Amino acid sequence: MGRTCSECADWKSNSQFSSNQWRKGDGASRCRDCIDYGSSAYAGHCHAVTFQCGTCSRTFNNQNELNMHQQVHRPQNVACPVCGDVRFRSGANAVQHVESGSCTGCRGQDNARQQIYKFATAQQSMRRFVAGGQPMLMNGNDYNNNSIPDFPYQCPQCSKSFRQLSQLLQHNDQKHNQHNMIGY
């Protein structure tokens, strides 16, 4: 059993597709090689393709590895929205610091989640990330001021929903190439 890869147009057996890609169906599935080699997939089938960092010249096997590596070259100039500690490379990293419960200004994950939600809804620059309308919880209960919707954040570009603000900021950084700086 197999199918044609939607990116390189090669016929591949089902073992050459991840289960996620296989479930997408014929005409929409990308083979493992195309996933690994990104837009250079077809060349990758024939010979090894490497991706080089323009800053330090390190090479990587695929575009995702290069993108992840390039974060080390960003300045650590983003402040935590709660404790003000300036040591983060992105807004997502600063928000992860709070959401993890390790921020000294906001101990505990539940408290941190509440504080980040309050922060996001109070800041003009962050409101575009808060899902619109009267939120409803996944268990069917209506939202009230003491609870947070299960997926309160939404990407303004593709409408994907997220449980945590850091997940949304990371998504925007990686999928839409927007390095979000959180506003105060």
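Where a number appears in this text, it was derived from the coordinates with a stated rule and is not lab data. What you are looking at is a predicted structure, and each value in this text was computed from that prediction instead of being measured. When we count neighbours, we look across all protein chains shown, and the Cβ atoms used for this are built from the backbone with ideal geometry, even at glycine.
Values as computed for the structure displayed
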| quantity | calculated |
| --- | --- |
| Estimated inter-spin distance, R128 and S102, nm [label 7 Å along Cα→Cβ] | 3.0 nm |
| H171, H73 arranged by Cβ crowding within 10 Å, fewest neighbours leading | H73, H171 |
| Eligible lysines near K160 by straight Cα distance, threshold 23 Å, same-chain separation 8 or greater | K24, K118, K175 |
| Overall form of the stretch 75-175 per C-alpha gyration tensor (a/c, 1.5; a/b vs b/c) | oblate |
| Residue-count net charge about Y153 - beta-carbon cut-off 15 Å; Lys, Arg +1, Asp, Glu -1 | +4 |
| Within-15-Å neighbourhood charge of Q16 [Cβ basis; K, R +1; D, E -1] | +1 |
| Label-to-label distance, nm, for residues given as C158 and A79 (7 Å Cα→Cβ offset) | 3.2 nm |
